[in-house]
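Notes follow the structure.
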């Protein structure tokens, strides 16, 4: 019997959770067709330096299996950006949701 859909009573945003979920999805997308779309969106919302970091992640993962290390680095990056710019929390949640939907 499947579990019922989870609907939180409050819209509480936990930055650490957002950072971790986003990091896992971004790293997974870095070697998928969704990379090109995500790269553009990250450039638009987070800036060119984050777009370059995503390109570095892609190159790193295409040459070796470093998924855990890359996920950890992205988690820290995203926590830092949310600490500096709290208004990006919802943007990251939406971007993560859309990116996950684009993954195979």
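Of note:
- Between helix 48-63 and the chain: long-axis angle, C-alpha atoms, 0 to 90°, nearest 10: 70
- Gyration tensor (alpha-carbon) shape descriptor, region 23-80, a/c threshold 1.5: oblate
- Tensor-based shape of region 51-104 (alpha-carbon gyration tensor, a/c under 1.5 rounded, otherwise prolate or oblate): oblate
- The chain, relative contact order [Cα under 8 Å, separation at least 6], %: 43
- Angle in degrees between helix 88-102 and the longest Cα principal axis of the chain, rounded to the nearest 10: 80
- Modelled spin labels at residue 49 and residue 16, positioned 7 Å past Cα toward Cβ, are 2.5 nm from each other.
- Structure-based [θ]222 nm, the chain - -39500 (n - 2.57) summed over DSSP H runs of at least 4, per residue, nearest 500: -24000 deg cm²/dmol
- Taking label points 7 Å from Cα along the Cα-to-Cβ direction, residue 101 and residue 63 give a separation of 3.6 nm.
- Relative to the longest principal axis of the Cα atoms of the chain, helix 67-84 runs at roughly 70 degrees.
None of the figures in this text is laboratory data; all of them are computed from the coordinates on show. What you see is a predicted model; the values in this text were computed from it and never measured. In this analysis, Cβ positions are derived from the backbone assuming ideal geometry, glycine residues included, and neighbour counts consider all displayed protein chains.
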